[in-house]
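Structure record follows, encoded as structure tokens.
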Amino acid sequence: YPLPYYSWGFMPWALPAKVSGFFPDEAFNLLVPTLASLTAQLAYGWARAAGLSRGFGVWAAAASVFLGTAEGWTQVFAGKAGFFTTNLWDASRGIAHTITEFPLFTFHLGDLHPHLLCQPWVLSALAFWEFGKASRLLTLALRAFLFGLAAATNPWTVPFLGLSVVAISLARDDGRWRDLGITVAAGMAAFLLFFPAWANLPAAAAGLGWVHTPTTMGEIVRVLLPALAPLAVLAVWFYGQTHRVLGVPAAAFALALLAVLTARPLVALAFVMTAALFGFARGQRGALPAAALAAACLLALVGMELLYVKDPYGPEWYRMNTVFKTLSFVFLVLPVPSLRLLAQAAGLGLRQARAWLAVPWFLALPQLATVAKAAWPLPQDFAGLRWMAEGEAEAAHWLHRGSRPEVLVEAVGDAYSDAARMSACSGVPAVLGWDNHEGLWRPGDFQPLIADRKAKVQELYRCQDSTCVAQRGQELGATLLVLGSVERRLYPELSQEALRGAGEVAFSQGEVTIIRLAPPEP
């Protein structure tokens, strides 16, 4: 069967989570900070391997997990939020009809999505590609493993990571063509090594399209300014060094002209910055790899502005996933090469380079303050189901401990709601989860089945006699029926007597009762 591309990202963590004996909510609350700490450590290690100081390494580590956007100040000045109460969810929609992912939101939300699960593997691959030293065969094998692991975890990262590792190979001072050959061979070996991850990957994409609603300058400032600030400082300094009087005005004129001619200000900004990167690196020993990596990130932004991957999200959200995955990669990777270039420029006369590094944190300050305030008081354990009604967390744990195969029927609701919470928090399958997400992961011919199941679940909870409940449960193939706070809220007309009479009470605590439906008559 086709597997959602989520599946392989969980593989390195599923076994230790099961062996640990923790409940799913506890494993979740342990895994999110584990991924954050791994990402930060790898960013620090990569920066230090490049010769940066401990201070720069700490900056890189912090940026990989805590860097935010300038949207918080926008909300504060517009009167939409206070300094400690900014809305990170709204900030993650900073470009119209897209998802604008950034590290602070990624780890604060804690959604174990492929773009989060792949982050340690992406940084591992880049650090090893640039600084790993081994025999040629071992280098090939390790590169293939790391690239394949990152790609299998998140197939969206393939073009971005591929572009980056090619840039690293081509930027070497010597042996670049030999290294490029190893890189190409490693990519092919990675595909073969992780072939099961690709063999049944659903074909959700339907080609490429041309972007007709490019990112505006206001959106660039609100979303990307903190990430691009170090490169912007370097570019202004470089153009000023090139010509003390006309350098910066000429670059600004070129930026404005390109923005008007292309109607894509982000493309113009990327072009002007890339020219500065390679102009600076041309005369500096060892600067080319960092410039090439930063340029690869800028090129990814250019690609995001020109093309989008066609997916099932429809015309309004047509570039949502493309922007989402591009920004996730850029925010993760760009800090280290940016720091390397800025540190080198500091040694050549860029004054107060370290002071300029405070700018991204100032821009993100309201978001950081909001997250810091929300962290207190610290929880006493790793349990993650306190949001549930009384008894429902215990019910989810009871379901998780079950030794027999079960199928749940519970309330069906909108995406990002608390519907399907018992299935999601226990691992026991439900007849239907969030119907729109079910539709996204299934081929088009599943839509009638999804609609039929949704209608039957609604009919079941509206039945006024036990026979009707049992019949609908049998049609759905359910063995357990959930009667809790969400069901009472979404189906206020339900009859508790009818639901309880459709089988035996298997679990009851607080506001939730789980009923084992009577098996069908032979």
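The values are calculated or read from the model by the stated rules, or taken from the named source; none is laboratory data. On a predicted model such as this, the values are computed, not experimentally measured, just so you know. Positions of Cβ are backbone-derived with ideal geometry, glycine not excepted, and every protein chain shown enters the neighbour counts. Heavy atoms of the whole protein, side chains included, go into the accessibility calculation; ligands, DNA and RNA do not. Shrake-Rupley method; radii C 1.70, N 1.55, O 1.52, S 1.80 Å.
For segment 374-453 versus segment 265-279, the inter-centroid distance based on Cα atoms is 46 Å.
So what is the accessible area of segment 336-447 per residue, in Å², with the probe set to 1.4 Å?
Heavy-atom accessible area per residue stands at 52 Å².
Farthest toward the positive end of the dipole of the chain, out of F324, L234, L298, is the Cα of L234, where the dipole comes from beta carbon charges about the Cα centre.
Taking the accessible area of the chain, probe 1.4 Å, and keeping the other protein chains in place, the carbon and sulfur fraction comes to 64%.
Considering only C-alpha atoms, what is the centroid distance from segment 199-259 to segment 309-357, in Å? With segment 199-259 and segment 309-357 each reduced to a Cα centre, they are spaced 10 Å. Taking Y416, Y318, Y44 and ordering them by how much accessible surface each has at a 1.4 Å probe, largest first, produces Y416, Y44, Y318.
Taking amide H atoms as placed 1.01 Å from N in the peptide plane, the amide H of A506 lies under 5 Å from those of I514, I515, R516, each 5 or more residues away in sequence or on another chain.
Sorted largest first, the principal axis extents computed over the alpha-carbon atoms of the chain equal 86, 58, 46 Å.
Note on segment 108-211: with charges restricted to the Cβ of Lys and Arg (+1) and Asp and Glu (-1), its dipole about the Cα centre is near 260 debye. Taking amide H as placed 1.01 Å from N in the peptide plane, the amide H of L307 sits under 5 Å from that of V211, each at least 5 places away or on another chain. Principal-axis analysis of the Cα atoms of the chain puts helix 54-66 at an angle of about 40° to the longest axis.
Normalising the Debye intensity of segment 105-246 to I(0), with uniform scatterers on Cα atoms only, and taking log10 at q = 0.21, 0.22 Å⁻¹ returns -1.24, -1.28.
With the alpha-carbon atoms of segment 1-71 aligned to their principal axes, the span from lowest to highest coordinate is 46, 28, 25 Å, starting with the largest.
All C-alpha pair distances within segment 12-129, sorted into 5 Å bins from zero, spread as 2, 11, 16, 17, 17, 15, 12, 6, 2, 0 percent across the bins. Please report, to two decimal places, log10 I(q)/I(0) for segment 173-220 at q = 0.29, 0.30 Å⁻¹ as given by the Debye formula with identical point scatterers on the Cα atoms and no solvent. Debye output, listed in q order: -1.07, -1.10.
With respect to the chain, whose longest principal axis is taken over its alpha-carbon atoms, helix 119-131 is tilted by about 30°. Quick check: Cα centre of segment 118-138 to Cα centre of segment 24-67, how many Å? Taking the Cα centre of segment 24-67 as reference, the centre of segment 118-138 is 16 Å away. Cross-link partners of K310 among lysines, defined as those whose alpha carbon lies under 22 angstrom from its own and excluding same-chain residues fewer than eight positions apart: K325. Compared with the direct C-alpha span, the chain from F253 to V359 gains 35.7 nm at full extension, assuming 0.36 nm per residue. Measuring from each cysteine beta-carbon in the chain, the ones with no other cysteine beta-carbon under 4.7 angstrom are C118, C297, C425.
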